[in-house]
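Read the structure below first, then the notes.
Readers should treat all values here as calculations from the given coordinates under stated rules, not as data from a laboratory. In this text, all values refer to a predicted model and were calculated from it rather than measured experimentally. Neighbour counts are summed over all protein chains in view; Cβ atoms, including those assigned to glycine, are modelled from backbone coordinates with ideal geometry.
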Amino acid sequence: MSTMIDPFGRDITYLRVSVTDRCDFRCVYCMAEDMTFLPKAEVLSLEELDRLCSAFVRKGVRKLRLTGGEPLVRRNVMQLIRSLGRHLDAGTLDELTLTTNGSQLSRFADELVDAGVRRINVSVDTLNAERFRRLTRWGRLEQVLDGLQAAKRAGLAVKINAVALKNENEDEFDALVEWCGGEGFDLCLIETMPLGEIDGDRTTQYLPLSLVRARLARRWTLQDTDYRTGGPARYMSVKETGQRIGFITPLTHNFCESCNRVRVTCTGTLYMCLGQDDAADLRTPIRATADDSLLDTAIDEAIGRKPKGHDFVIDRRANRPSVSRHMSMTGG
Ligand code: SAM
Ligand code: SF4
């Protein structure tokens, strides 16, 4: 049982931690091309990240997701992942997982399995190499596909995340469902969220998933399931492929009532809600003393003011992010 119960009775059992704000891609919906990254001194060290995650595990977090930026480009990140694996061995953590762009998987897949990781989320918005290059600005599809094969060989279960983008990949969802079916991957479609300044216009990117689902239903038999991963996705199964498809719809469907998670940035800022600005600084208490007493108090206070929900809007009049930080800061 978690000792972190928020004011609305929700049990906090899921922590997402951004281990770096840096990335080897510059996806158009996520970052501006000329991002400035944080100075090293502001970013938690691997040891500090370990202390922070371990404090949450001690308080009842059962699922830990590392994200970023790109978690696998952080130097020596495997050291952290291996170390966190001890909580799996001890039975105090059910799952250690990560969200990655897949560019480094060829190198790390075996080590991840060795450290106790069993499932990963890999972001692939398109299977068209040229389009992939345009959407990620710096990425190479082939490198990611090689990484996915390495993940499969290593025995990792893979879920593909794809952001639904109007006029960009909206003609590809049938192909993505088919490809995932053939590879044995689950698929999760995500609506764009208004997080952070980017170079483009978000109202031209926004594509409601209700529409995508209706289009998919013309070709595939989508069946309701009660499968949940502890995340915000609603899952259906695709009868023809036997794989699942999830829909994350922060804008068209409010999933806050069952929210069991909080997020920490790589600077140790705890966000109790992805869509709200209220936050708690955990870096100061971590750095103030070698024991975790101040850290524990800061976490408890923050959970005590987790808000009821968020209020995202993308419309033409308010064409600015409702939350100014980028997704690469808070992590996906
Ligand atoms: N670099 C890793 C990756 O791309 O998977 C992990 C971090 S990334 C910020 C996590 C997820 O957030 C990715 O699936 C990405 O597509 C998604 N994402 C980024 N910006 C987004 C936005 N504005 N709206 C919706 N999803 C977004
Ligand atoms: Fe990097 Fe992931 Fe953001 Fe793309 S979505 S720029 S891969 S952090």
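Table for the structure above
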item: Point-to-point label distance, Arg131-Asp11, nm (Cα→Cβ direction, 7 Å offset); result: 4.2 nm
item: Positive-pole candidate from Ile160, Val238, Cys23, dipole of the chain, charges at beta carbon; result: Val238
item: Neighbour-count order for Tyr29, Tyr14, fewest beta carbons within 10 angstrom listed first; result: Tyr29, Tyr14
item: Among Phe185, Phe37, Phe108: highest mean-square fluctuation, GNM of the chain, C-alpha pairs under 10 Å; result: Phe37
item: Surrounding net charge for Gly242, when Lys and Arg each add one and Asp and Glu each subtract one, Cβ distance under 14 Å; result: -2
item: Under 12 Å, Cβ to Cβ, from Val264 - net charge with Lys/Arg +1 and Asp/Glu -1; result: +4
item: Mean-position separation - Cα centroids, region 19-72 and region 205-244, in angstrom; result: 29 Å
item: Residues Ile299, Ile248 arranged by fewest to most Cβ contacts within 10 Å; result: Ile248, Ile299
item: At R0 = 25 Å, FRET efficiency that the Cβ-Cβ distance of Lys152 and Asp199 yields, to 0.05; result: 0.10
item: Unpaired by the 4.7 Å Cβ criterion, cysteines found in the chain; result: Cys23, Cys53, Cys180, Cys188, Cys256, Cys259, Cys266, Cys273
item: Whole-Å semi-axes of the ellipsoid equivalent to the chain (Cα gyration tensor, √5λ, descending); result: 30, 22, 21
item: FRET efficiency, Phe37 to Arg75 (Cβ-Cβ, R0 22 Å, nearest 0.05); result: 0.95
item: Extended-chain gain in nm, criterion 0.36 nm per residue less alpha-carbon gap, Glu240 and Thr3; result: 81.1 nm
item: Region 14-330: relative contact order as a whole-number percent, Cα under 8 Å and 6+ apart; result: 20 percent
item: Local electrostatic count, Thr99, Cβ distance below 10 Å [Lys/Arg +1, Asp/Glu -1]; result: +2
item: Estimated inter-spin distance, Lys308 and Asp171, nm [label 7 Å along Cα→Cβ]; result: 4.5 nm
item: Likely footprinting exposure, His87, His310, fewest C-beta neighbours within 10 Å first; result: His310, His87
